[in-house]
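Where a number appears in this text, it was derived from the coordinates with a stated rule and is not lab data. It should be emphasised that the depicted structure is a prediction, and the values quoted were computed from it without experimental measurement. So basically every Cβ, Gly included, is an ideal-geometry build from the backbone, and we count neighbours across all protein chains shown.
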Amino acid sequence: MRIRRLSESTINRIAAGEVVERPASVVKELVENAIDAGASTIAVAFRGGGKTLIRVVDDGFGIERGDMALAIERHATSKLSDDDLIDIRSLGFRGEALPSIGSVSRMTIASRAKGALEAFILGVEGGSVSQTAPAALARGTEIEVRDLFFAVPARLKFLKAERSETTEAADVVRRLALAHPAIGFSFASEERVLIDVPAAQGFEARIAKLLGGDFVANARALSASREDVGIEGYAGLPTFSQAQAARQFAFVNGRPVRDKLIAGAIRGAYADLMPRGRFPSVILMLTCRPDRVDVNVHPAKAEVRFRDSGMVRGLIVSAIREALAAGTPKADATLARAAAQSFRPWPPQPAGFEEKQAAFMMDMPPLAPAAAFEMPDASHPLGAARAQLHNAYIVAQSPDGMILVDQHAAHERLVYERLKQERQGRGIATQPLLVPEVVDVDPVARERLDAARGMLAEAGVVLEAFGDGAVLVREFPAALAGGSISAIVCDLADELAEPEQGTGVEERINHVLATMACHHSVRAGRSLRPDEMNALLREMEATPNSGQCNHGRPTFIELKLPDIERLFGRR
Ligand code: ADP
Ligand code: MG
């Protein structure tokens, strides 16, 4: 066969393969166009999972009559003034979406340019364009896409069930709506309105409407900048986590992105706050000069490339870490509600109840003398310890409620943060052992420990191989005084056996510290004196990230007085 040039419509269909993967991509391109057109409200209607109809109506500045035909021509755009790909300020710029969509569907574009007396409409069917004709439209642009992929039936087979296509399209609108709180958005599938947010909404109100009030209640606001990259948003509490990354939203200059660099930075920021396999809730809005980021990496523009990616990663990690560590620990509001709901109302009192209750009270250990407990003080957010239950939980009275602390989880976090802090300062304070402790381990573990000597020494554990099946421990972190050295060393040997998963030395050392802290802190089952309990509460208030243990479990929950009143039907 001879070489020949492909026809325009074939070229468009090939491009459509990249730009228009599924109905959600059509929605994304059309809504982005409406945002670029300065719209203040954008309405999306969706039918048959997007295969029957996708309609996007906006009140933006519209398209001039003379530009209508150009809008559906390939590589025709009004958004690049002088072929400058460095200074991109709009969401679109490739001039590909409309011709691509028009090549695989039946599309009409009706528009009335700002200040124009008339509106015009133009149709494209499988790539063939109709004449521009007058139409009735008060303002803005209305684009209808019917029978998507009718011209490329093979693609229809790759579409998922209508419901998933609808969910995915709604998610696209949700992300764009999060990034643009000034614009009103709606999304209706068949007759069901899935999204409806008014124009000129504040950021926080927008988040609450789109993601539920829980999000902000369980997150800390963050704000930071470095050089000329700025970042705003929310970092979810580590305990407010999910099994999927579905609640992570990242935007670069108002453009929703799913970016490996950003996802990796989020993972790094939560590395030792979160159990494996759980994902934090995060909203990150990055802003920077357009020339600092390349958005032209992928036809769907979902990935970006930062000029200085190391700096951006560092900025994200420190912004999240600072937000989480700032102020006093915040209890997970959703957990408190779940806790309140798990209390059953007291059943009708059976006969003999009072006697039983009296007998039960007699069995209770005597309470510590009241004088030994401090009075609750508003300056102590975690309140004053009132009692210890089952040698495992501390009950404290806070200024406006009660706090229940898991003493083991809390202590584990405190020890870990103390070790980390020492290491960042003058190094971990160690205690030389007068009689070095011999720890029996199997030969493989001995090798492993020996090979990791340098790293362990940095974590405060100074040891050396000793015979075939043992190591000799010479120094141990002072913060772990009283702990079982041999148990901790065996734990470390197990830990070292795990594949490294490409984590850096820093993360490995933190992991060693976390392992030691966890093992050391087997404090459940130990009875605490009131002053010890209060000291623990005070230290939690002063320690960053003390709201969750090293595995991401909460260390305390708080029931506010209104929660308690609700339990008793007083509200
Ligand atoms: P791009 O967005 O990359 O420029 P598109 O194919 O999506 O390419 O759109 C082509 C052109 O059509 C845009 O540059 C813009 O001028 C015009 N256009 C598309 N949608 C709208 C709209 N909703 N309002 C105003 N103009 C629009
Ligand atoms: Mg576009």
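So how tilted is helix 260-269 from the main axis of the chain? Cα-based, degrees 0 to 90, rounded to 10.
20
With viscosity set to 0.692 mPa s at 37 °C, what whole-number translational diffusion coefficient in µm²/s follows for the chain from Stokes-Einstein and a Kirkwood radius over Cα pairs?
Translational diffusion coefficient: 117 µm²/s.
Sort region 189-241 into rounded, prolate or oblate with this rule: let a ≥ b ≥ c be the square roots of the eigenvalues of the Cα gyration tensor; rounded if a/c is under 1.5, and if a/c is not under 1.5, prolate when a/b is larger than b/c, oblate otherwise.
oblate
Based on Cβ point charges of +1 for Lys and Arg and -1 for Asp and Glu, what charge dipole magnitude is obtained for region 213-325 about its Cα centre, in debye rounded to the nearest 20?
In total the dipole reaches around 280 debye.
Distance between Cα centroids, region 118-194 to region 405-474: provide it in whole Å.
61
Which is the longest run of the chain containing none of the chymotrypsin sites (Phe, Trp or Tyr not before Pro) found in DSSP loop states (not H, G, I, E, B) with at most 16 other C-beta atoms within 10 Å?
It works out to 344-567.
Cut-off is 10 Å between beta-carbons; in what order do 52, 141 appear when sorted fewest neighbours first?
52, 141
About the Cα centre of region 8-201, what is the dipole size in debye to 20, counting +1 per Lys and Arg Cβ and -1 per Asp and Glu Cβ, all else neutral?
So the magnitude is around 540 debye.
Where does region 213-325 land on Rg(C-alpha)/(2.2 N^0.38 Å)?
Compared with the compact-globule rule of thumb, region 213-325 sits at 1.01.
Please provide three numbers in whole Å: the alpha-carbon extents of region 393-454 along the principal axes, with the largest listed first.
55, 30, 23
If I take the Cα coordinates of region 8-201 and project them onto the principal axes, what are the three extents in Å, biggest first?
Principal-axis extents of the Cα atoms in region 8-201, largest first: 43, 42, 39 Å.
What do you get for the angle between helix 485-497 and the principal long axis of the chain? Use alpha-carbon atoms, 0 to 90 degrees, nearest ten.
20
May I ask for the net charge around residue 147, where only other residues with Cβ less than 14 Å from the Cβ of residue 147 are counted and Lys, Arg are +1 while Asp, Glu are -1?
Neighbourhood net charge equals +4.
Using the Cα centre of the chain as origin and beta-carbon charges of +1 (Lys, Arg) and -1 (Asp, Glu), tell me which of 132, 156, 75 is placed farthest towards the positive end of the dipole.
132
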